[in-house]
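Have a look at the structure below before the remarks.
Each reported figure results from applying straightforward, stated rules to the coordinates on display, with no laboratory input. Bear in mind that the values here come from a model prediction, so they are computed numbers and not experimental data. Quick reminder, even Gly has a Cβ in these numbers, built from the backbone with ideal geometry, and neighbours come from all protein chains shown.
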Amino acid sequence: MEINTIIVFIVIAFILVSLYKELIGPAFTFVIAISFLGITKILTPKEILSGFANENVIIIILLLLLGDIIRRNSIIEQIFDAIFKKVTSYKKFMFQMMSLVAVFSSFLNNTPIVAVMMPYINTWGKKTNIAQSKLLIPLSYATILGGATTVIGSSTNLIVKGMVEDQQIISNLPHLHFFEFAWVGIPMVIIGIIYLLTFGHKLLPNNLTTINSNTTTNRKYTVEAQIRSNSNLVGKSIEEAELRDLNGLYLVEIIRDDINLIAVSPTTILAANDILVFAGDTQTIGNFIKNNSELIFPQVGMLAKKKTTELIEVVISHNSTLINKTVKEANFRSKYDAAIVAIHRNGEKLSGKIGDLKFKAGDALILFAGEDLTNRADIFDFYFISKVKEITKTPAYKSIILIGGTLLVIALSAFQIISLFIGLAILFIIILALKIASPKDLYKSIDFNLALIIVLSLALGIAMRKTGAAQFIADNFINFLQPFGLVGVMIGVYFITTILAAFITNKAALALMFPIALSVALEMQINPMPFVLIVAFASSANFMTPIGYQTNLMVYGPGGYKFKDFFRIGFPLTIIYMIVTVTILYFIYYVYDITHFFPY
């Protein structure tokens, strides 16, 4: 073994240990590793930086930015609002949620989808008394399953596409088409959802104590809403209007013609201009204000017409000028560019209109605020606690351009009419020209660490091939697994890749295993594409640990999960995924070779 090969193995060992032990960040780990390969002259500066010339790196960044723009414009949120509003059955909710999330994940980045969906899971779980631990792992797994169905569904798939293009001249690799991943991805979405609805559901922990403890720590606010004169609620009973228990909000009082109706029964008939007084926590109030079109909030007034507003939680300070004043006396709306929509007073049950209540020190308020609040607010009047929710009104033309434009670009790329890069570039020119997003926002949303990791991963692959390290591992790999036949070799590649991805991140596993898998296929003189896809699926379909995939980490804490929960639920799914992947790829590439009938 040559000295350069030994150096590459030392660098690989450093990467594995650093990422597993979390000694330094993934990006800095790769910077040190590749810099060392440059210092030892194994890689030239041109080879280290060659990844920046790979268009798939830019495509990944553009797709992440596009997903963030769609999230900022609340388009996905509006779709979820319409679909999940009245679903009460656990299995129906799970099926619809996972199916919809999988579809979105096929074309958009997984992280914002999970971020948008988690508040719905939280609210729905409280309403139906179902623990978040029964819902959040399926949410994460659904995004992973959906992301593996197309070449743009996950960044790992696009990295693989870039690696394939880098090797087409050297290794005579065929093109990786847009729906090449669908052969395995679509069946696994179906199988994965069935698994999570049946066997997997039984393995999910039932951490009701987590959801209950989270609920009890939330402040219970009083919020009032008025029935519009032309509302569909007029003439209906409270029960018919479904206002008795509204996603965690509870109707405690009706004010009609300045008369307080405290003993509210389900048969009480609602009248135009009735003021309904509810009690609930911050998140449920935020969703209620954002989504309810049948009611108006008297204090909000013209603020509701603004394009961008926020629900902000504040507390009245002990030396505030607001103390002992009512909302009207304080001239609150014009002074602060904000309206009070809910109030909490140390657990005290408040009665009457919010506008008639006098402020006390320590009162917590939820404000419906315009953009000028922070400039107008006196630091002695109240303290900011948190932002409950941002409310953005998205004009129809923006939704059409963002969703329609995205689908059009994907379709044109899939049928090779234009390249994905050119399509996305044109779409971004339109987005910026119509001021749907600003260049300043785009710059803030760029994940520079991810781009750096991708570029340096490509450089590591060059070093492994250049020094013969990949060939050395491939030869020993084949010698060990050859007695088990071709299927045994495919299973071995999948298993090693998925174990690495579970503990050192999927990008690092991909960087290490792609050149090895390619060398194995070329050494066996067989079509290398199944081995390329096996590495892609094994590195992205990561279910066994919370640290292996970003969405798993996002749901880890809120679901009250333990590390072993992911292994208990994810290991069977990983085995199923491996069996399905190897079986389908073996038959369609090596037995029947039917892929040439579907060139796109």
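Counting only aspartates and glutamates at least 8 places from K202 when in the same chain, those with an alpha carbon closer than 17 Å to its own are D565.
Counting neighbouring Cβ atoms within 10 Å and putting the fewest first, the residues E253, E55 line up as E55, E253. Using a simple spin-label model with pseudo-atoms 7 Å out from Cα toward Cβ, K562 and E294 lie 4.5 nm apart. What does the net charge come to around A474 if you take all other residues with beta carbon closer than 12 Å to its beta carbon, with K and R at +1 and D and E at -1? Neighbourhood net charge equals -1.
The ranking of H344, H318, H175 by Cβ neighbour count inside 10 Å, starting from the fewest, reads H318, H175, H344. The fraction of Cα-Cα pairs per 10 angstrom bin, counted from 0 for the chain, comes to 3, 15, 23, 22, 16, 11, 6, 3, 0, 0 percent, rounded to whole percents.
If each of K328 and N273 carries a label point 7 Å out from its Cα toward its Cβ, how far apart are those two points in nm? So the two model labels end up 1.5 nm from each other.
Under the simplified labelling scheme, the L432-T40 pair shows an inter-label distance of 4.2 nm, with each label point 7 Å from Cα along Cα→Cβ.
Along the range 202-207 the Karplus relation, 6.51 cos²θ - 1.76 cosθ + 1.60 evaluated at θ = phi - 60°, assigns HN-Hα couplings of 5, 7, 5, x, 10, 8 Hz to successive residues, with x for each Gly and Pro.
In the structure shown, the pairs K328/K398; K161/K466; K398/K440; K41/K507 are assessed against 26 Å; a Cα-Cα span above that value is assigned to K328/K398.
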